[in-house]
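The values are calculated or read from the model by the stated rules, or taken from the named source; none is laboratory data. As the structure is a computational prediction, the values presented were derived from the model and not from experiment. Every residue, glycine among them, receives a Cβ derived from its backbone with ideal geometry; neighbour counts consider all protein chains shown.
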Amino acid sequence: MKKSKSKIVIEDFKDSFVYKKNETILNIQFNRVAFIFFVFFIIYLIYTIHLIHLGSRKSKIDIVDNISAVRDKLYRADIIDVNGNYLAKTVKSIDVGIKTSDVIDKKKLLLSLNIIFPNKDFRKIKKKFDTKKFFWLEKKISEENYEKIMKLGDKSIIPEERVLRVYPQKNLFSHIIGQIDDDNVGISGLEKSFDEILRKSKKPLKLTVDKDIQFLIRRELIKYQEIFRSKGSAAILMNVDKGQIISLVSLPDFDPNKRQSITDVNYINRVTKGTYELGSVFKPFTFASALSNNLIKPETQFLNLPKSIKCDKHEIGEYSDDIPTDLTAEQILIMSGNVGSVKIAQKVGPENLKLFLKKVGVLDKIEFDIEEVGSPQPIDWHQGCKLETVSYGQGITTTILQLAKGYAILSNGGYSINPTLIDKKFIKKKRIIKKDVSDEVVKVLRKIVNTEDGTAKLANVKNYQIAGKTGTANQSANGGYSRAKINTFASIFPSSSPKYVFIVMLDTPKTSSSYIYNYRHKEGTQTGTPYNTAGWTSVEVAGKIIDRIGPILATKYIEVN
C-alpha cells in the first residue's frame, strides 16, 4: 500500500513537474512575442516621430513658399531701352540690423563694426546700443561688408533680405518710367500703365527710346533753360513712319529712386500731359487742309491782304509790318502770316478744318502708353471768330505729343500713325492724306528753314535738311492773354525723305542779353536775343540739339545726306 501510495506520489510529482515545465515554455514564448511586439512598437514610434518631423518640415517649406510668394509679389520685370540699357531694374538687397538685447560682447562688437564701417558715426551707434532694442545698422549692404559682418558670428546681427526697384538712369527717363509706391504699385508713367504686365512678365519691357540720344537732348535743354530762364521745357523725337519715340524729355524732372510725392504742377509731363495754345505751328494744318480739299495750290495768290482784320470784337493783325500785302499760299506759310492764314481757313470752312484736325489727331484726347495725357479743350466752332483764330493756332489747345503725331502724318506721305514707347511689331497704317499733299507741305516747311524769308533759319543745320514751323503764342490767363509765352519749333528731317519729327517747346522763356548767336544761313553773329519769339529761342535750341544727335542718328538708324 505504501509502495503504491509512494508510487502515486511520485507519479503525481512527475505529472506536476511535467506540467510546470510546459508552463515555463509558454511564458518564454509569450515573452518572445511581447519582445517582438515591443521592437515593432519602437520602430513604429520612431517612424511616427519621423513623420511628425517631416510634417513640421513641410510647414517650414510652406513658410518658405509664402516668403517666395511675397517676393514674387514684389517682383517687377525690368525695363530696358532699345539698346538693352536698364532703365528700371528689380534687385535683391540685404539690410543688417542689431538686436541689442542679444549682444554677446558690446565692446568687442563695436570695435569690429568700426573696422568694417570706418566712415560711420559710432558715437550715434553706441547711443543706439544703449537706448534702442533694435536698430538698422546698414541698409543695402555691399556683398563684401555683408560677408565680413556675418563672419563675426554675433547672434545680435539680424540680416533681412529685401526686393528693391532701382532706376540706374536716375532723372533721365523719369517722366516716361514714372514711380512706384512703398507697396510696389505703379503710380505714374509706364510703372502705372503697365503695372500688371510688369508684375507677371519674366521678360524685360523693351522700349523704343535711346539712352544716348535722351541724354544729349536733356543736357542741351537744361543748358538752354538756364540761358533763356524758362519755367520749363520739353522735347520729343519720333520716327514719322512707325511712331516710335526715340526721346521724350520734360523739364523739370525728378529722381524716381527717391520715391518723392510730387505735388508741384511745374513737374507736369509737358510732352504728354500739358495742353497748350501753340500758335503758328498750327498753320501747316490749315495750309494742308486747303490743299486736301483742292481749294488752293502752293502758288495760289492772295492779293491786297490787309495788315489787320476785324473779327467779331477782336482785331487780328500780323506779328510784323514787314509781311507784304500780296502773297502766294506758300509764302503765307513761309512768312507766318496771320491774316493770310485766316483767308485760307475761310476758304476751307469750319467743318472741313475740324474734320482735318480730327484726322491728324490734334483735337481729341490721344490714346498712349502712359496714362498721363492731357485732354484738349473742346471747341465751339460756331462761337465768334473760332475758325479764324484756330487757323493760326490761338483758341485751340493740344499736347506736344499730338502735335508730333500731326507733323508725322503731314510728312510721312499721309499715313496714320500712333506714337508709342513700346518696342513691338509695326502694323502698317492706312493713308489718310494724299501723298502729293504731304510732299507739298514738306517742301514749304523746308523753305521756312533754308530761305531768307523763313522764320526758322537758325535751325538750318548743314547736311540734315531740316524743315519745320515756328510757333510763338501768348499764354491764356484770366479770360485773356498774358505776356508769358509758349515758344515752339516743330521740325522734320531730312526733308528729301522724312524720317523724324523733332519738337522743342520752351515754357515762359525770356530773352538773353549775352547769348551769342552764330548764323547758319549767312556769315556773322548776333549778341543778345532781339525778340522773345520761337525763331530766336526754340529754333536755336533745336538746331543745337540736332548738331549733337545727328551723327548718332546717322550711325545707328539712317544715313543722312
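Is it the case that Tyr167 is farther than 25 Å from Leu87 by Cβ, surrounded by 15 or more Cβ atoms within 10 Å (Cβ to Cβ) and among the aromatic types (Phe, Trp, Tyr)? So Tyr167 fails the test.
All of Ser375, Ser438 fail the test of being closer than 25 Å to Ser491 by Cβ, modelled with pLDDT of 95 or more and either buried (at least 23 other Cβ atoms within 10 Å of the Cβ) or of a type in the set (S, T, N, Q) (or both), apart from Ser438.
For every residue, the table says whether it meets (1) without any contact (Cβ under 8 Å) to a residue 40 or more places away in the chain; (2) within 26 Å of Ser341 (Cα to Cα); (3) in the same structural domain as Thr328 (by TED's automatic domain parsing).
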position	(1), (2), (3)
Asn257	no, no, yes
Leu295	no, yes, yes
Leu303	yes, yes, yes
Lys307	yes, yes, yes
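From the list Ser514, Ser476, the lone residue that is at pLDDT below 95, among the small types (Gly, Ala, Ser) and out of contact with any helix residue (DSSP H, G or I) (no Cβ under 7 Å at 6 or more places or on another chain) is Ser476. Just one of (1) out of contact with any Lys or Arg (no Cβ under 7 Å at 6 or more places or on another chain); (2) surrounded by fewer than 20 Cβ atoms within 10 Å (Cβ to Cβ); (3) part of a loop (DSSP other than H, G, I, E, B) fails for Asn269. It is (2). Taking the listed residues Ile227, Ile197, Ile236, the one that is of a type in the set (A, V, I, L, M, F, W, C) and more than 30 Å from Leu333 (Cα to Cα) is Ile197, with no other qualifying. I'd like to check something: does the range 536-551 contain any residue that is at pLDDT 95 or above and among the polar types (S, T, N, Q)? Yes, the range 536-551 has at least one match. When the strands (runs of 3 or more DSSP E) confined to the range 408-522 are screened for residues that are within 26 Å of Phe368 (Cβ to Cβ) and of a type in the set (Phe, Trp, Tyr), those reaching at least 2 such residues are found at 480-493, 500-507.
Every residue, every condition in (1) assigned by TED's automatic domain parsing to the domain that holds Ile246; (2) not hydrophobic (A, V, I, L, M, F, W, C), yes or no:
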{"site": "Asp183", "(1), (2)": "no, yes"}
{"site": "Ser188", "(1), (2)": "no, yes"}
{"site": "Glu191", "(1), (2)": "no, yes"}
{"site": "Phe194", "(1), (2)": "no, no"}
{"site": "Lys200", "(1), (2)": "no, yes"}
{"site": "Pro204", "(1), (2)": "no, yes"}
{"site": "Thr208", "(1), (2)": "no, yes"}
{"site": "Glu220", "(1), (2)": "yes, yes"}
{"site": "Lys223", "(1), (2)": "yes, yes"}
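Every listed requirement among (1) touching a residue at least 60 places away in the same chain (Cβ under 8 Å); (2) more than 23 Å from Ala77 (Cα to Cα) is met by Glu147 save one, (1).
Is it the case that some residue within the range 374-382 is among the charged types (D, E, K, R), in a loop (DSSP other than H, G, I, E, B) and more than 23 Å from Glu318 (Cα to Cα)? Checked against the condition, which is being among the charged types (D, E, K, R), in a loop (DSSP other than H, G, I, E, B) and more than 23 Å from Glu318 (Cα to Cα), the range 374-382 yields at least one hit.
Within the range 139-178, can you find the residues that are touching a strand residue (DSSP E or B) at 6+ places or on another chain (Cβ under 8 Å), assigned by TED's automatic domain parsing to the domain that holds Leu110 and in a helix (DSSP H, G or I)? If the condition is that a residue be touching a strand residue (DSSP E or B) at 6+ places or on another chain (Cβ under 8 Å), assigned by TED's automatic domain parsing to the domain that holds Leu110 and in a helix (DSSP H, G or I), then Asn145, Tyr146, Ile149, Met150 are the ones that fit. Within the range 387-416, residues that are surrounded by fewer than 24 Cβ atoms within 10 Å (Cβ to Cβ) have Cβ atoms under 7 Å from residues that are of a type in the set (Ser, Thr, Tyr) and part of a strand (DSSP E or B) in these pairs: Thr397/Tyr276, counting only partners at least 6 apart in sequence or on another chain. Being surrounded by fewer than 22 Cβ atoms within 10 Å (Cβ to Cβ), closer than 24 Å to Ala234 by Cβ and of a type in the set (A, V, I, L, M) is the filter here; which residues of the range 181-202 pass it? The answer is Ile187, and nothing else. The residues of the range 417-427 that are more than 20 Å from Glu191 (Cα to Cα) and without any contact (Cβ under 8 Å) to a residue 12 or more places away in the chain, listed by number, are Lys425, Ile427. Residues that are at pLDDT 95 or above, β-branched (Val, Ile, Thr) and touching a Leu at 6+ places or on another chain (Cβ under 8 Å): does the range 165-177 have at least one? Yes, the conditions are met somewhere in the range 165-177. Residues of the range 227-238 that are surrounded by fewer than 22 Cβ atoms within 10 Å (Cβ to Cβ) and either under 16 Å from His175 (Cα atoms) or under 18 Å from the mean Cα position of the chain (by Cα) (or both): Gly232 alone. Would you be able to tell me the number of residues in the range 90-117 that are closer than 15 Å to Lys151 by Cα and either assigned to a helix (DSSP H, G or I) or in contact with a Cys (Cβ under 8 Å, 6 or more places away or on another chain) (or both)? Final tally of qualifying residues: 9.
Condition check ((1) more than 19 Å from Ile486 (Cα to Cα); (2) at pLDDT below 95; (3) among the hydrophobic types (A, V, I, L, M, F, W, C)) across all residues:
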{"site": "Asp212", "(1), (2), (3)": "yes, no, no"}
{"site": "Glu220", "(1), (2), (3)": "no, no, no"}
{"site": "Phe228", "(1), (2), (3)": "no, no, yes"}
{"site": "Val249", "(1), (2), (3)": "no, no, yes"}
{"site": "Ser261", "(1), (2), (3)": "yes, yes, no"}
{"site": "Phe282", "(1), (2), (3)": "no, no, yes"}
{"site": "Ser320", "(1), (2), (3)": "no, yes, no"}
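A single entry from Lys120, Lys124, Lys73 fulfils the requirement of being surrounded by fewer than 15 Cβ atoms within 10 Å (Cβ to Cβ), part of a helix (DSSP H, G or I) and at pLDDT 90 or above: Lys124.
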